[in-house]
Amino acid sequence: MPFGDKARAHPNGIIDLSQGTPVDPTPDFIQKAFRDASNSPGYPFTAGTAELRAAIKNWATQRLGVTGDFDVLPVIGSKELVAWLPTIIEATKVLIPEIAYPTYHVGALLAGAQSIPVAIDATTWPKADLAWLNSPSNPTGRVHSAKEIKACIDWSRNNNSILISDECYLEFDHTAHSLSVLSQTSGDNRNILAVHSLSKRSSMAGYRAAFMIGDSQLIARIREIRKHAGMIVPLPVQKAMTVALSDDAHVAQQRDRYNARKDAMRPALEANGFTVEYSDSGLYLWCTRNEDAWKSVEWMANLGILVTPGSFYGQAGAQHIRVAMTATDDQIAQAVTRLKV
């Protein structure tokens, strides 16, 4: 029996902790901005409205600590960007984290490029056209240190290669402090990009709202291609992004929700023999019982709880599971109760 069916067969129903899709409502003020801009007969600007560009730049300097010359570009979803960026920059060799979001690998395949899994230590990296850095990590929640990030920047400088940092979980720190790659460049942002998304930050996954920040010349090159390739962010979404980036209160509230859920789930998992590793930031608990991931998935499914095997993220995760906090507070409480049986 597939494990989803097994979990659904539980007398009290399934609790799906396998998907990283937000369930908490999009804040009302963001919905209102979207509705108010719904009369949108003309084509939107690929580069973004002046108001959105200003909001992203202000957020980047205030929140990320970006200095020096940089530009910004709104994009349709971070997944779409990750999938198509190797094609846009004509990469032939792409470095991806050894435990990673699968779309990094798929994006390389779409470009006809070689995909090479690497550890975080950039001093061991081979030469490539493009390397992905992901901190905080999906799925592990690992937060990379300033020293580790600077080594990645040094790799980019030494090889004249592009370094792109996926920082979509940066707003959800828990027991560690996340740094943007752009805070570590000393104002020299050549060949460096950071990718951010409002999907989790503002519960806007359905809006497909994301953006990139960094090297002005590189963004200009990407922007020109996108003018012809499409994938332009619709104007109502741009208006919603603008107001979302101008407010931090709703982000703090959402961060507190996710962290409270992690604090509730972690001891329940540990009481059942799981060791929680990393999980210092983001939406997930990354844990192991030193057994095949599918065995752990099956054990959880017998409780009506569906989780993701770590093997989905690379061979290095073959004995881990990823447990998502993208469920309601009530569902998390039910999962904790089931784990106590």
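We did not get these values from a lab; they are worked out from the coordinates using the rules stated. As the structure is a prediction and not an experimental result, all values here were calculated from the model. Positions of Cβ are backbone-derived with ideal geometry, glycine not excepted, and every protein chain shown enters the neighbour counts.
Some values worked out for this structure:
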item	result
Unit charges at the beta carbon, dipole of the chain: most positive-side option, 26, 312, 267	26
Mean separation of Cα contacts under 8 Å, 6 or more apart, over the residue count of the chain: relative contact order %	27 percent
Aspartates and glutamates whose Cα lies under 19 Å from that of residue 262, excluding same-chain neighbours fewer than 8 positions away	16, 24, 171, 173, 270, 277, 280, 329, 330
Lys, Arg +1 and Asp, Glu -1 on Cβ, resulting dipole of segment 28-245 about Cα centre, debye, nearest 20	340 debye
Charge tally in the Cβ shell below 12 Å around residue 236, where Lys, Arg are +1 and Asp, Glu are -1, residue 236 excluded	+3
Inter-site label distance for residue 32 and residue 54 at 7 Å from Cα along Cβ, in nm	2.0 nm
Separation of the residue 315 and residue 40 label points, Cα + 7 Å toward Cβ, nm	4.5 nm
Lys/Arg +1, Asp/Glu -1 at C-beta; the chain dipole; positive extreme among 251, 103, 283	103
Fraction of antiparallel bridges per DSSP, segment 28-245 only, in percent to nearest 5	40 percent
Other-chain or far-sequence residues with amide H under 5 Å of residue 114's (modelled H)	93, 94
Sequence of 192, 116, 219 once ranked by neighbouring C-beta atoms within 10 Å, starting from the fewest	116, 219, 192
Charge sum, other residues only, whose C-beta stays under 12 Å from residue 3's C-beta, Lys/Arg counted +1 and Asp/Glu -1	0
Size of segment 166-283 as Cα extents on the principal axes (Å, biggest first)	54, 34, 25
Environment charge at residue 70 (Cβ cut-off 9 Å; Lys +1, Arg +1, Asp -1, Glu -1)	-2
Distance between segment 265-341 and segment 169-210 - C-alpha centres, whole angstrom	25 Å
For segment 238-253, 3J(HN,Hα) per residue [Karplus equation, 6.51 cos²θ - 1.76 cosθ + 1.60, θ = phi - 60°, Hz, x = Gly/Pro]	4, 5, 5, 4, 4, 6, 5, 6, 8, 9, 9, 4, 5, 5, 4, 5
Label point 7 Å beyond Cα of residue 252 along Cβ direction - residues of segment 148-183 with amide nitrogen under 14 Å	none
Pair-distance profile P(r), taking every C-alpha pair of segment 28-245, with 5 angstrom steps and integer %	1, 7, 15, 21, 21, 17, 10, 5, 2, 1, 0
Net length gained if the chain between residue 216 and residue 116 were fully extended (0.36 nm per residue, minus Cα distance)	33.3 nm
Rough spin-label spacing in nm, given labels placed 7 Å along Cα→Cβ, for residue 292 and residue 92	4.1 nm
Projected-area mean, segment 94-219, by convex hull of Cα positions, square nanometres	7.8 nm²
Relative contact order computed over segment 71-207 (Cα-Cα under 8 Å; 6+ residues apart), in percent	20 percent
